[in-house]
1. Find which of 10, 352, 367 sits farthest along the positive direction of the dipole of the chain, computed with +1 on the beta-carbon of Lys and Arg, -1 on that of Asp and Glu, about the Cα centre.
2. Could you work out how far helix 235-245 tilts from the main Cα principal axis of the chain, as a 0 to 90 degree angle to the nearest 10?
3. Setting aside same-chain residues fewer than 8 positions from residue 26, which lysines have a Cα under 19 Å from its Cα?
4. Please turn the phi angles of region 28-35 into ³J(HN,Hα) values with the Karplus equation 6.51 cos²θ - 1.76 cosθ + 1.60 (θ = phi - 60°), one per residue in order, whole Hz, x for glycine and proline.
5. What length, rounded to one decimal in nm, is gained on full extension from residue 99 through to residue 271, with 0.36 nm per residue of separation minus their alpha-carbon distance?
6. First select every other residue whose beta carbon is under 15 angstrom from the beta carbon of residue 55; then total the charges, Lys and Arg +1, Asp and Glu -1.
7. Given charges of +1 on the Cβ of Lys and Arg and -1 on the Cβ of Asp and Glu, with all other atoms neutral, how large is the dipole of region 223-398 about its Cα centre, in debye to the nearest 20?
8. Using modelled amide H (1.01 Å from N, peptide plane; none on Pro or chain starts), what sits under 5 Å from the amide H of residue 76, excluding residues fewer than 5 places away?
Amino acid sequence: MSNPLWLTLIGLGEDGLDGLSIASQKALKSAEWVFGAERHLSLLPAQLVEKSITWPVPFESGIKALLQKRGQNVVMLTSGDPFWYGAGSVITRHLDPEEWTAHPAPSCFSLAASHLGWSLETTKCHALHAAPFSKIKKDLHPHQRCLVTLRDGQSAAALALYLCEEGFGDSTLTVCEAMGGPRQRVRKTTAKLFDFRNVIHPVMAAIEPSAGPSLPFANGLADELFEHDGQITKSPIRALTLSALAPHPGERLWDIGAGSGSISIEWLLAHPTCQAIALEANAIRVKRILQNASRFGVDRLQVIHAKAPEGLNELDPPDAVFIGGGLNEELLLQILGRVRGGTRLVINAVTLESEALLIEKQRAMGGQLMRFDISSLNAIGTKRGWKAAYPVVQWSVTI
């Protein structure tokens, strides 16, 4: 049986308690406990101060304290809309639907977009108050506007520096401070000319990217964008491999023998809810994978320093598996025994022994077997000719 309603999530704007709806005011007055950030709790009337509990940092550490009040009349104060890059989804995943209700206020994204006249449906929104700036790397395109929250006032200058370092110094940067309240201030500059002082919190930035080294949306990013030691699925083969892996929102990839992590990274770039686990036995390459993931803003990549199949123990089941190296029959049998029906398996092979194994398994299990022969232009003295790379045999099958 579900527990009765006990938690009310109340969104606050910069006008504080004055902007609350009648329903929110009623919930707050009847609360036995009020959770919230120190900034929010400072707005409480005297009769509620003794019932207030400051939410700790990191955020997840406060969930246990909240759940200990289960069944009592509890209010949690949040910023703006609790379910738009807010605390709502993090909290309610621990509760039954009947246990909570929410009273949202306009989000800072809505307030900024309304001030600027930007359509939210075509604007990329990112929460960077607790995430690296590289999260926006894939969205830095001249025709793509971005709205981002920032950790504090000093972060606005750091964002401008990041844009300059990434080659987008001419981007227009609009700093939006304390939107919707009496302290509201909006100032515009460019990243390379940024010199604002005393930027106040809460703060967000509106970015209109200039022309620069934008990442294409197609699979098969240039090899030189990745740090690698030569152990990388080359760009044309990577494009074909990602096409065969066919990422969908929310799906998880096992990338076995990940090398530079290029397959995992492009899988994660396909959609913000995609997940990936990169398994790599070489410690130097593990470090390199983490560096590549950070640069591309996909720090959610889970990297495991281990050799397959030992490193596969206790992993969450995948929706797709890629093997780019180290293939042998024992490893393949181990993987086939660990995955569920409907899993997509893609294997690239360059040795005759691996190719023979794929031919045998394709005959027994079906799927598609393809061979890719790719040549690139190469100098031959004063003339030019084609230099062939090792042919790659690819087996793709749905188990």
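Here, each number is a calculation from the coordinates, and none is a lab measurement. These figures come from a predicted structure and were not determined experimentally. Neighbour counts are summed over all protein chains in view; Cβ atoms, including those assigned to glycine, are modelled from backbone coordinates with ideal geometry.
1. So the residue we want is 352.
2. Long axis of 235-245 versus the principal axis of the chain: about 70 degrees.
3. The reachable lysines, counting only those whose Cα sits under 19 Å from residue 26, are 51.
4. So the Karplus estimates, Gly and Pro as x, are 5, 5, 8, 5, 8, 9, 10, 9 Hz.
5. Extra length from residue 99 to residue 271 when fully extended: 58.8 nm.
6. So the surrounding residues net to +2.
7. On the way: 18 positive and 19 negative charges, 92 e Å.
It works out to roughly 440 debye.
8. 8, 9, 10, 35
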